[in-house]
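**Student:** First the structure, then my questions, so here it is.
The values are calculated or read from the model by the stated rules, or taken from the named source; none is laboratory data. Note that the coordinates shown come from a computational prediction; the quantities given were computed from them, not determined experimentally. Here Cβ is always computed from backbone atoms with ideal geometry, including for glycine, and neighbour counts include all displayed protein chains. The protein model used for the area step is the full one, side chains on, heavy atoms only, and it has no ligands, DNA or RNA in it. Shrake-Rupley method; radii C 1.70, N 1.55, O 1.52, S 1.80 Å.
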Amino acid sequence: MNHSQDMNAKLARVCKVFRIKGTFQSYEEIKVGNINRTYKVNFIRDDGKPKSYIVQDVNTYAFKEPVKVMENIDYVTEYLHQKSPKKTALHFHHTRERKTYFVGEDGFWRLFNYIPSVNYSVCDDLEVVRNAGLAFGEFQMLLSDFDASLLHETIPGFHNTRQRYDKLRAVVEADPCGKVAEVREELDWIFSVEDTACRLIDMHRQGKLPLRVTHNDTKINNVLFDGDTKEAIVVIDLDTVMPGLVGYDFGDAIRFAANDVAEDCPEIEKVGLNLEVFRAFAEGFLKHTASTLLPEELDTLALSSFVMTAELAVRFMDDYIQGNPYFKILYPEHNLVRTRCQIALAKDMLARMDEMEQIVRECAAGNC
């Protein structure tokens with residue numbers, strides 16, 4: 001049996017466990033995404049009509065407690081459906097035992113509905129950026145009264161910036177690969193902004209910023225769009241949904257979308273914050289969330305963009321000094337280039353913080 005025939009048989013078995021009716025026809029692997037293995041499977045239903053589903057083999061190295069991941073997703077998707085029953089939503093199918101996952105000898109599997117759509121890995125279309133902001137803002141708004149404490153922290157300390165800094169400090173002291181001397185300038189800057197980069201987590205510990213349900217991976221390619229209207233259909237990739245601060249989602253979206261270049265661009269002089277993209281995303285995001293957020297949350301949204309950028313610089317630097325064990329690299333200095341790119345972006349954000357804060361105020365007031 002060749003690989004294609006083997007996958008046909010394997011996917012057909014998985015679909016049977018999830019009680020999919022009809023005749024299995026074909027599959028295609030979806031290459032978007034770096035964590036899970038994803039397949040679109042095509043059926044002919046008993047009434048003769050075609051029907052497609054998404055089957056995923058969850059990466060249990062990245063998600064060491066996948067059952068908790070699925071419990072979070074189940075909580076959130078059911079709640080979203082109850083709050084907005086007419087809106088298109090992700091629907092995860094259940095096994096006969098009423099589980100949204102199946103653990104087999106060859107993987108940890110789940111299956112959910114396929115939604116015809118398009119998505120964008122990168123985009124300079126401000127309408128699409130604004131609609132992505134609307135989608136993530138609506139996600140936050142619909143879950144604003146959900147008790148975030150019900151969710152598992154599936155990646156402990158994921159955005160605990162103080163903890164990230166402490167870990168980097170220990171790695172620098174150990175210097176396992178002898179790289180610290182060559183990155184002293186970058187380290188000096190990273191540690192010089194530590195208190196500013198840690199302000200969100202410090203404010204939360206002081207009781208000034210509440211925990212909310214956060215997506216934690218707010219890249220534009222985690223929104224499905226209508227190919228004709230460019231309107232957002234649904235937010236996807238809920239594996240990292242857990243308790244967090246609203247700034248995690250806003251800031252990471254800006255960090256990813258509003259950089260003039262890719263996050264690993266070696267031409268540091270080209271790095272910069274695109275304020276038009278910042279405004280477009282903020283306008284969409286705040287249209288749904290402005291009325292649900294505390295004044296302290298609104299006041300720290302611009303800052304959150306810097307925080308998430310600086311935090312990622314810390315993570316890239318940590319990985320580089322250790323010999324690149326975590327992030328996938330294409331060449332030995334890849335994580336160092338990523339670090340420098342994030343530092344350059346973070347510096348530009350600090351220089352333009354007043355402008356960013358003004359845009360947030362205008363958008364929160366509906367004057368974008």
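**Student:** May I ask you to verify whether Glu78 is open to solvent by 50 Å² or more (accessible area, probe 1.4 Å), modelled with pLDDT of 95 or more and under 24 Å from Ile155 (Cβ atoms)? Don't jump to the end; show me each part of the working.
**Tutor:** Numbers: open to solvent by 50 Å² or more (accessible area, probe 1.4 Å): yes; modelled with pLDDT of 95 or more: no; under 24 Å from Ile155 (Cβ atoms): yes.
So Glu78 does not fit the description; no.
**Student:** Among the numbered criteria (1) in contact (Cβ under 8 Å) with a residue 40 or more places away in the chain; (2) surrounded by 15 or more Cβ atoms within 10 Å (Cβ to Cβ), which one does Lys99 miss?
**Tutor:** Single failed check for Lys99: (1).
**Student:** Report, by residue number, each residue of the range 352-368 that is open to solvent by 80 Å² or more (accessible area, probe 1.4 Å) and either assigned to a helix (DSSP H, G or I) or at pLDDT 95 or above (or both).
**Tutor:** Pass one, the range 352-368, residues open to solvent by 80 Å² or more (accessible area, probe 1.4 Å): 354-355, 361, 367.
Asp354, Glu355, Arg361, listed by residue number.
**Student:** For the list (1) modelled with pLDDT of 90 or more; (2) surrounded by fewer than 17 Cβ atoms within 10 Å (Cβ to Cβ), I need the number of the one condition that Val128 fails.
**Tutor:** Result: Val128 passes all but (2).
**Student:** Also, I was wondering about something else. What strands (runs of 3 or more DSSP E), lying completely within the range 154-252, carry at least 2 residues that are open to solvent by 10 Å² or more (accessible area, probe 1.4 Å)?
**Tutor:** Working: elements: 212-214, 223-225, 232-235, 242-244.
Correct list: 232-235.
**Student:** Residue pairs, Cβ under 9 Å, 6 or more apart or interchain, first in the range 178-202 and within 20 Å of Gln322 (Cα to Cα), second among the charged types (D, E, K, R) and open to solvent by 20 Å² or more (accessible area, probe 1.4 Å). List them.
**Tutor:** Val180/Glu173; Ala181/Asp175; Glu186/Arg340; Trp189/Lys347; Phe191/Arg169
**Student:** Can you find a residue in the range 342-351 that is buried (at least 24 other Cβ atoms within 10 Å of the Cβ), touching a strand residue (DSSP E or B) at 6+ places or on another chain (Cβ under 8 Å), more than 29 Å from Ser144 (Cα to Cα) and modelled with pLDDT of 95 or more?
**Tutor:** yes
**Student:** Please go through the range 263-294 and pick out each residue that is assigned to a helix (DSSP H, G or I), of a type in the set (A, V, I, L, M) and at pLDDT 95 or above. Please lay out each step first, then the result.
**Tutor:** First, pick out the residues of the range 263-294 that are assigned to a helix (DSSP H, G or I): 268-270, 275-289.
Then keep just the ones that are of a type in the set (A, V, I, L, M); that gives 268, 275, 277, 280, 282, 286.
Result: Leu275, Val277, Ala280, Ala282, Leu286.
**Student:** Quick check: is even one residue across the range 36-53 open to solvent by 70 Å² or more (accessible area, probe 1.4 Å) and closer than 25 Å to Thr240 by Cα?
**Tutor:** First, the residues of the range 36-53 that are open to solvent by 70 Å² or more (accessible area, probe 1.4 Å): 37, 45-47, 49-51.
Narrowing the set further to residues that are closer than 25 Å to Thr240 by Cα leaves 37.
For the range 36-53, residues open to solvent by 70 Å² or more (accessible area, probe 1.4 Å) and closer than 25 Å to Thr240 by Cα: present.
**Student:** Anything in the range 313-341 that is open to solvent by 20 Å² or more (accessible area, probe 1.4 Å), of a type outside the set (S, T, N, Q) and either in contact with a Pro (Cβ under 8 Å, 6 or more places away or on another chain) or assigned to a helix (DSSP H, G or I) (or both)? List them, or say none. First the steps, then the outcome.
**Tutor:** We begin by selecting, within the range 313-341, every residue open to solvent by 20 Å² or more (accessible area, probe 1.4 Å); these are 315, 322-333, 337-338, 340.
Now narrow it down to the ones that are of a type outside the set (S, T, N, Q): 315, 323, 325-333, 337-338, 340.
Of everything in the range 313-341, those that are open to solvent by 20 Å² or more (accessible area, probe 1.4 Å), of a type outside the set (S, T, N, Q) and either in contact with a Pro (Cβ under 8 Å, 6 or more places away or on another chain) or assigned to a helix (DSSP H, G or I) (or both) turn out to be Arg315, Gly323, Val337, Arg338, Arg340.
**Student:** Is at least one residue of the range 55-73 in a strand (DSSP E or B), over 30 Å from Leu275 (Cα atoms) and over 19 Å from the mean Cα position of the chain (by Cα)? Show your work before the answer.
**Tutor:** Just the residues of the range 55-73 that are in a strand (DSSP E or B), to begin with: 55-57.
From the residues that got through so far, the ones that are over 30 Å from Leu275 (Cα atoms) too are 55-57.
Adding the requirement that they be over 19 Å from the mean Cα position of the chain (by Cα) leaves 55.
For the range 55-73, residues in a strand (DSSP E or B), over 30 Å from Leu275 (Cα atoms) and over 19 Å from the mean Cα position of the chain (by Cα): present.
**Student:** Now, a different point. Give the residue, chosen from Leu111, Leu151, that is in contact with a Pro (Cβ under 8 Å, 6 or more places away or on another chain), within 23 Å of Val58 (Cα to Cα), buried (at least 20 other Cβ atoms within 10 Å of the Cβ) and at pLDDT 95 or above. Spell out the reasoning first.
**Tutor:** Working: Leu111 fails: in contact with a Pro (Cβ under 8 Å, 6 or more places away or on another chain).
Exactly one of Leu111, Leu151 is in contact with a Pro (Cβ under 8 Å, 6 or more places away or on another chain), within 23 Å of Val58 (Cα to Cα), buried (at least 20 other Cβ atoms within 10 Å of the Cβ) and at pLDDT 95 or above, namely Leu151.
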